[in-house]
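Have a look at the structure below, then the notes.
The values are calculated or read from the model by the stated rules, or taken from the named source; none is laboratory data. Owing to the predicted nature of the structure, the values given are computational and were not obtained by experimental measurement. Here the Cβ positions follow ideal geometry from the backbone for every residue, glycine too, while neighbour counts run over all protein chains shown. These accessible areas exclude ligands, DNA and RNA; they are computed on the full protein's heavy atoms, side chains included. Shrake-Rupley method; radii C 1.70, N 1.55, O 1.52, S 1.80 Å.
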Amino acid sequence: MSTFNASELANPGVRQLQPYQAGKPVTELQRELGLTKVVKLASNENPLGLSSKVKQALAAELADLPRYPDANGYYLKSRLAELHGVDIKQITLGNGSNDVLEILARTFVGPEHQVVFSQHAFVVYPLVTQAIGATPVAVPAKDYGHDLDAMLAAINEKTRMVFIANPNNPTGTFLTTAELKAFVEKVPEHVIVVLDEAYYEYVPEAERAPSTDWVAEHSNLVVSRTFSKAYGLAGLRAGYAVSHVDVADLMNRIRQPFNMNSLSLKAAEVVLDDHDYIQRSVEINRQGMQQLTEFCEQQGLNYIPSYGNFLTIEVGDDAAELYQQLLHEGVIVRPVAGYQLPRHLRVSIGLPEENDAFIQAMKKLRG
Ligand SMILES: *Cc1c(COP(=O)(O)O)cnc(C)c1O
């Protein structure tokens, strides 16, 4: 009889892990419930569809697919370096910014270290921390957002990394430029500060922190961005980090050489200059946010004011049941009980008619 026990052989950190819970795919719900019309407002995706400029560029790129991608992503990195006013050697590309976050943790964090992040923070932070066998330190939130003073106080000589998402997911909370800057200045140099700005483009321009400029003065700061949200390329997997050259050099040693494929490299390069698409993405989000917040106010539902492309709504003790009922109405939203928000549901901003499908389903279920 075999005594093989895979779990006993696994790294201790991995044994304790719960896999990442993604938003339910449309086709899965269609399969399960035999529904045809399904609206997905569960993964903070761009509801506009693919940029038509990207579509054209991708069609032209298909012929090159038998070749390996450019392992250095030269064209995309050059464009990003220009955009941020940094050296090309300061850019690290990722298979989505998730990949960047994981590369960072694997580059700098060992089992003897602690990693600090906020309560209600993006689940990938504890995931990558635990996978390494390092100790996660979740600091209680303040008004659903980061309590930066408490996070500073949680830093000690064992701390090697701090994760900050701004705006934060799943709460949509936002730290001002002054708050962030003061924080970055106080973090000791033996701690890598990872500033995850996945929703940066949705922040009104006047309120955006010039975070990539700070890397010049703060060598321990790493800023990550993604093409999955406002740029509408979630399915292609494209993200990047801006960091000190030496940080990028170390990250590059463990990065898979072809972690961005030919199509995602091309798409990211093209969409960066599709200003009209970005503008429309941001505008449709602003309108949808208004549509959903007005609905909440009419219904007397509390919500967490959001700087992202989603709204986290306090629906009450039956959030899990309401999530299931919404599925039966063909509306997929995101339960956030796993983020210690058992009374909330997170709703991504969709097209006006998609938001309305959610609103109508809520009215039907809630009266
Ligand atoms: C969506 C999101 C990301 C981006 O993930 P990708 O891997 O780039 O698709 C990163 N951080 C946060 C906080 C997010 O919500």
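Relative to the Cα centre, the charge distribution of segment 1-126, modelled as +1 at Lys and Arg Cβ and -1 at Asp and Glu Cβ, gives a dipole magnitude of about 360 debye. Remark: the ARG366-SER52 segment gains 109.1 nm on full extension, using 0.36 nm per residue and subtracting the alpha carbon distance.
Beta bridges per DSSP, both residues in the chain: antiparallel share near 50 percent.
With 0.36 nm allotted per residue and the present C-alpha distance subtracted, the LEU35-ALA63 stretch has 6.4 nm of extension available. Return, ordered by residue number, the residues of segment 50-93 whose backbone nitrogen is under 18 Å from a label point located 7 Å along Cα→Cβ of ALA216. Answer for segment 50-93: 80-91. Using a simple spin-label model with pseudo-atoms 7 Å out from Cα toward Cβ, ILE254 and ILE88 lie 2.6 nm apart. The residue list PRO167, LEU127, VAL139 was ranked by how far each Cα lies along the charge dipole of the chain toward its positive end, using unit charges on Cβ atoms, and LEU127 comes out on top. Per residue, the solvent-accessible area of segment 139-281 (1.4 Å probe, heavy atoms of protein chains only, all protein chains present) comes to 38 Å².
Given a 1.4 Å probe and the protein chains as shown, LEU272 ends up with an accessible area of around 10 Å². Taking a straight line from the alpha carbon of LYS89, these lysines sit under 23 Å away, with near neighbours fewer than eight places off in the same chain left out: LYS77, LYS266.
Each stretch of four or more DSSP H residues adds -39500 (n - 2.57); spread over every residue of the chain, this sum gives -12000 deg cm²/dmol at 222 nm. Using a probe of 1.4 Å, the accessible surface attributed to TYR74 totals some 120 Å² when neighbouring protein chains are kept in position. Stretching ASP356 away from SER2 to a fully extended chain increases their span by 121.9 nm, per 0.36 nm per residue minus the current alpha-carbon distance. Determine the relative contact order of segment 105-156: mean sequence separation of Cα pairs under 8 Å and six or more apart, normalised by residue count, in whole percent. In percent, rounded to a whole number, it is 40.
At a 1.4 Å probe radius, carbon and sulfur cover how many percent of the accessible area of segment 52-271? The computed percentage sits at 51. Sequence-ordered 3J(HN,Hα) estimates for segment 133-148 from the Karplus curve with 6.51, -1.76 and 1.60 and θ = phi - 60° stand at x, 7, 9, x, 10, 8, 8, x, 6, 10, 6, 6, x, 5, 9, 5 Hz, glycine and proline given as x. Its Cα centre serving as origin, the chain has a Cβ charge dipole (Lys and Arg +1, Asp and Glu -1) of approximately 780 debye.
Accessible area per residue was computed with a 1.4 Å probe on protein heavy atoms; THR27 scores about 80 Å². By the rule of a C-alpha distance below 21 Å, with chain neighbours fewer than 8 residues away ignored, the lysines paired with LYS40 are LYS24, LYS229, LYS363, LYS364. Computed 3J(HN,Hα) for segment 47-61, one whole-Hz value per residue from the Karplus formula 6.51 cos²θ - 1.76 cosθ + 1.60 where θ = phi - 60°, is x, 6, x, 6, 4, 5, 5, 5, 4, 5, 5, 5, 4, 5, 7, glycine and proline marked x. Take the chain, drop everything but the C-alpha atoms, weight them equally and run the Debye formula without solvent; then report log10 I(q)/I(0) at 0.08, 0.09, 0.12 Å⁻¹ to two decimals. Each listed q corresponds, in turn, to -0.41, -0.53, -0.95. Against the criterion of solvent-accessible heavy-atom surface with a 1.4 angstrom probe, GLU185, GLU283, GLU205 sort, most first, into GLU205, GLU185, GLU283.
When the inverse distances between all different Cα atoms of segment 52-271 are averaged and flipped, the Kirkwood radius reads 17.7 angstrom.
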